[in-house]
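J.: Dumping the structure here so I can ask a few things about it.
The values are calculated or read from the model by the stated rules, or taken from the named source; none is laboratory data. Note that this is a predicted model, so its numbers are computed, not measured. Here Cβ is always computed from backbone atoms with ideal geometry, including for glycine, and neighbour counts include all displayed protein chains.
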Amino acid sequence: MIPYGHQHISEADIQAVVAVLKSDWLTQGPAVPRFESMLAEHCGIAHAVAFNSATSALHAACMALEIGPGDLVWTSPNTFVASANCARYCGAEVDFVDIDPLSYNLSTVALEAKLVQAQRQGRLPKLVIAVHFGGQSCDMTAIGALARRYGFKLIEDASHAIGARWEDTPVGACLHSDITVFSFHPVKVITSAEGGMAMTGDGALAERLAMLRSHGTTRDPARLHHPDHGGWYYEQQALGYNYRMTDVHAALGASQMTRLDVFLNRRRELVERYHHELAQLPLRLPHEHSSARSAWHLYAIQLDDAASMTRRVLYDRLRAAGIGVNVHYIPIHLQPYYRQQGHAEGSYPEAERYYRRALSLPLYYGLEDAQQDRVISVLRQCLAGSTRGHARMPG
Ligand SMILES: *Cc1c(COP(=O)(O)O)cnc(C)c1O
């Protein structure tokens, strides 16, 4: 099976991990701050705080921004459930903003319309979580302007978007947001096996994030509430978690980070081949905004109306032929858990329409040209069969 995404582990990655295993520090050693510095430098920002996943980084980010019961948090329905769950962990109510039919990101037009209405009802969100779908940044200039006008906080869920740019600025620079979160899960652009990172330009937020990932404790003499009892002394000042990244994971992440551009370039090359080879098929191909440079985590196509085949049939045929396509995403508001929170089908028609037709094709650094050719030719066979009305199983 050719998967839709896969990590690439080099000999240098293995050596970096082995070096940590042979060192004194498996966790809370020097590898974590080293990885953090690399990310901060890449993004051109002061602070990077590593976590054991993007999910925990998103949770800590919501906590650091003081999200709690009674608060409203808005995000895109077209994302992984973690983008919304982080607000629920804090007891906040989650609501959604429909997506833009071109970028599949949260629509700034829908966001503005919803804000106008929310202001009339006195129900403005305290926080918006903008998700950079597929590796392409949301229109952060527009969303940032709305955040200032309506007074909400802004988190970028950039789990797909390490290495991406918006208006020539790296995602993670937090030019328009309070905190940006990256994920290093193996299907993402670089991996630390499990891992995430929160970026911020705000020193107080960075300290709060660091405290929350380590039980809410601090040893910083400048921050102690009571006199220092001695060298062993620490204080727990908030209810935090053990959300720390280990040195083993950080060493893998740092080693991968040195190949970020290599990964991005190959992904872009594969994307250009897909664009070219699939142009004549009854598909809608992903679109890159002129101000965005995508990290191309996903190549998400939509089956057009001209194709007489359903997405479900196409998915099953491709899978049967060994092509590990996937679907990103089932709109979050349709998940039973969120329906129980009062969300219903029909609320976000663009996200639902997109979902009915979407399919993510294999895209990852190690995908070879010959494998991609096979994906393309099987897809062609499936769709040709479909329009002729006598589809056969591709060999
Ligand atoms: C992968 C992903 C997450 C969660 O990342 P983990 O590191 O697996 O916790 C959150 N949001 C989005 C959009 C993702 O794709």
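J.: Determine whether region 108-119 contains at least one residue that is within 16 Å of the ligand (Cβ to nearest atom), buried (at least 16 other Cβ atoms within 10 Å of the Cβ), within 19 Å of CYS174 (Cβ to Cβ) and modelled with pLDDT of 95 or more.
T.: no
J.: Filter region 322-336 down to the residues that are surrounded by 13 or more Cβ atoms within 10 Å (Cβ to Cβ) and farther than 20 Å from LEU298 by Cβ and list them by number.
T.: Of everything in region 322-336, just one residue is surrounded by 13 or more Cβ atoms within 10 Å (Cβ to Cβ) and farther than 20 Å from LEU298 by Cβ, namely HIS333.
J.: Mind checking which residues of region 176-207 are within 19 Å of GLU66 (Cβ to Cβ) and surrounded by fewer than 24 Cβ atoms within 10 Å (Cβ to Cβ)?
T.: ASP178, GLY201, ASP202, GLY203, ALA204, LEU205, ALA206, GLU207
J.: Moving to a separate point now. Find the residue count for region 339-375, including only residues that are among the hydrophobic types (A, V, I, L, M, F, W, C), assigned to a helix (DSSP H, G or I) and within 16 Å of the ligand (Cβ to nearest atom).
T.: Looking only at that region, the number is 1.
J.: For region 278-337, give me each residue that is aromatic (Phe, Trp, Tyr) and either closer than 11 Å to LEU359 by Cβ or in contact with a Ser or Thr (Cβ under 8 Å, 6 or more places away or on another chain) (or both).
T.: Correct list: TYR299, TYR315, TYR329.
J.: Can you give me the number of residues within region 64-97 that are part of a helix (DSSP H, G or I) and within 16 Å of the ligand (Cβ to nearest atom)?
T.: Residues that pass the stated criteria total 8.
J.: Given the conditions (1) in a loop (DSSP other than H, G, I, E, B); (2) buried (at least 23 other Cβ atoms within 10 Å of the Cβ), report the number of the one that ILE45 does not fulfil.
T.: (2)
J.: So VAL131 passes all but one of these: (1) over 19 Å from ALA60 (Cα atoms); (2) among the β-branched types (Val, Ile, Thr); (3) crowded, with 23+ Cβ neighbours inside 10 Å. Which condition number does it fail?
T.: Here VAL131 meets the rest and fails (1).
J.: Now for a different question. Filter region 283-338 down to the residues that are assigned to a strand (DSSP E or B), over 17 Å from PRO101 (Cα atoms) and more than 16 Å from the ligand (Cβ to nearest atom) and list them by number. Step through it out loud before you land on a result.
T.: Within region 283-338, the subset assigned to a strand (DSSP E or B) is 283-284, 292-293, 299-303, 323, 326.
Keeping just the survivors that are over 17 Å from PRO101 (Cα atoms) gives 293, 323, 326.
ARG293, ILE323, listed by residue number.
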